[in-house]
Every structure is written in C-alpha cells, then in structure tokens.
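Peer 1: Shown below is the structure under consideration.
The values are calculated or read from the model by the stated rules, or taken from the named source; none is laboratory data. Everything quoted here is computed from the prediction, not taken from an experiment. Note that each Cβ is placed from the backbone with ideal geometry, even for glycine, and that neighbours are counted across all protein chains shown. Quick note on the areas: whole protein, heavy atoms, side chains included, nothing else; ligands and nucleic acids left out. Shrake-Rupley method; radii C 1.70, N 1.55, O 1.52, S 1.80 Å.
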Amino acid sequence: MSGVQCLSAENIWFDKQRYDEAEKRFYEGVNGPTTQQQQAKTSLQQAKGRQQKRQHRNSSSHAGGEQELVSRMKSLELENQTLHKVVADMRTALQKLESRVAMLEKTPAPAAVPCAKAAPVQAAPLKQVKVENGGGDDDDDDDIDLFGSDEEDEEAERLKQERLDAYAAKKAKKPTLIAKSSILLDVKPWDDETDMAKLEECVRSVQMDGLLWGASKLVPVGYGIKKLQISCVVEDDKVGTDILEEEITKFEDFVQSVDVAAFNKI
C-alpha cells in the first residue's frame, strides 16, 4: 500500500475538532484552568459576595427598623402617661373650682356699706343781745341799751357783705374756660384757570372776633383742578361753620363751594 492510500484511509483530518478539544482538555488538566475560566470563577465569587452583602444589609435594615419602631412605641407610651397625668391634674383643679363656686353661691352676699353723709355746713352763729328785765326797777331800765340790737345787725350785715365781695373777687380772678374747635375747610374753585393765590388771599381776608387762620395747602382734585385746604381755630361761642361758609362764598368770582373736611374740639 502506498503512502497516498494510507493517508486516504486515515480519518483524523475529518475529526480535527474532536482532537483539538481533546488536546485542550489534556493541557488544561496538566497546566490548570485557563484565564477565561478563572475570570468566570471570579465573577461568580463576586456575585455571591454581593448577594451576601445585600442579604446582610437587608437584615440589618430590618433590625434597625424594628429598633426604631420599638423606640417610637416607648416614646408614645411616655407621652400617653404624661397626658394622663395632665388630664388628672385638670380634673382635680376643675373639681376644686366647682366646689369653690358652690360655696360662694351658698354664702350670702354682704350688705352694702352705706355711704357716709356729708356733714352739713353750719352757718356762722350770730351774736345775740341778751336784754334783762329787772321787774320794773328804774335802775335796771337805765342800764338797757335800746340801740344795741341795731348795731349788732349792722355789724353782721357788714361782715356778710365783705365775704360776698371777697368771693366775687376770687371768682373774677379765676380764668374762664373758653370752648374752642379746630376746623379744616375745603375751598373749591370754579376751574383750573382760577388764581389760587388770590383765592387764598380772599379767604384769609375774612376776619372776625374768635377766628384764627392756620396752615393751608393745595390738594389736586382732577383734570388739573386743585382745591384749597385751610385750617382755622374758632371760639365756639363767637364763630360757627355756617358763618364761615357764608362769608367765604361771598367771593363768587373765585369760590365755587366750601365744605368742612374735619371738625375737632380742642
């Protein structure tokens, strides 16, 4: 048999893959596992480690949650005990208050103390002239002063008049309280062409006893029109708002109307 025939009879070339796999396994058994197998083994170990850590973390978090729940339950129990104590104290105080109110309702109210009456003013005693009658004796008749009573009456009348004059003088020295009021007036012109300086001059020209003009200012109304707002102090017995309005509205060329913006007693 020739060499070509021998090679054609062998089937090793057709099963090359099987022989390569057998060779690979042989060398792996001699030299140990390959790098890919080591990496796969390492990955498997790391996965197992991560799983164990996750389980440990879950168990620790579960234990921590249980501890937190226990601590919260203890705090709630303490708060509940405190609230029970506060409620008991409030009930005790309420009972004391109710008993006190009941005692006050049963106790009669004390009688009102009458106000002390003012002591009456006693008039100054007048001197009395005592006239003695001796039963018709001439000596006793000579001692009687027939004009003594008239002199005493005149003296009393003089003292009375002096006291009245002193009281009148004292009352005259006391200052009389004068009622005054502070008034704020709004004086409106006809249009925006009105001379407001002349209008204010006309208003201040109103003079009368018991009237004192104060500060003033121009207040915008609208459409370029301004009103004069002026204050004054008046004596209530001498000057009234009606008189002021009547006097100011006499300046018909400048004044359209007068209104009282504010009125205060001083």
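Peer 1: Given a Förster distance of 25 Å, report the FRET efficiency between I178 and D259 from their Cβ-Cβ distance, rounded to the nearest 0.05.
Peer 2: FRET efficiency, I178 to D259: 0.45.
Peer 1: Follow-up question, since we're still on this one. Just to confirm, what accessible area per residue do you get for segment 187-266 at 1.4 Å probe, in whole Å²?
Peer 2: Values: 4990 Å² over 80 residues.
On a per-residue basis, 62 Å².
Peer 1: A follow-up question, please. What length, rounded to one decimal in nm, is gained on full extension from S99 through to K85, with 0.36 nm per residue of separation minus their alpha-carbon distance?
Peer 2: Working: separation 14, 0.36 × 14 = 5.04 nm, distance 2.13 nm.
Difference between extended and current length: 2.9 nm.
Peer 1: Put a dot 7 Å past each Cα toward the Cβ at Q39 and V70; how far apart are the dots in nm?
Peer 2: The two pseudo-label positions are separated by 4.9 nm.
Peer 1: Here's a follow-up. Tell me the GluC sites (Glu not before Pro) within segment 158-266 that lie in a loop according to DSSP and have at most 12 other beta-carbon atoms within 10 Å.
Peer 2: Sparse-neighbourhood loop GluC sites (Glu not before Pro): E193, E252.
Peer 1: Students often forget the sequence filter, so: which lysines lie under 20 Å Cα-Cα from K85 once same-chain residues fewer than 8 apart are removed?
Peer 2: K74, K96
Peer 1: Please give the contour-minus-distance gain from K238 to D15: 0.36 nm per residue of separation, less the Cα-Cα distance, rounded to one decimal in nm. Mind showing how you got there, number by number?
Peer 2: Numbers: separation 223, 0.36 × 223 = 80.28 nm, distance 14.26 nm.
Stretched out fully, the K238 to D15 stretch lengthens by 66.0 nm.
Peer 1: Take the residue pairs K227/K250; K198/K250; K238/K265; K173/K238 and return only those whose Cα atoms are more than 20 Å apart. Each step should come with its number before you reach the end.
Peer 2: Values: K227/K250 17 Å; K198/K250 14 Å; K238/K265 15 Å; K173/K238 22 Å.
Where the Cα-Cα span goes over 20 Å, the pairs concerned are K173/K238.
Peer 1: List, in order, the whole-Hz ³J(HN,Hα) value for each residue of segment 239-255 obtained from phi through the Karplus relation with A = 6.51, B = -1.76, C = 1.60 and θ = phi - 60°; use x for Gly and Pro.
Peer 2: 10, x, 5, 5, 5, 4, 4, 5, 5, 6, 5, 5, 7, 5, 6, 10, 9
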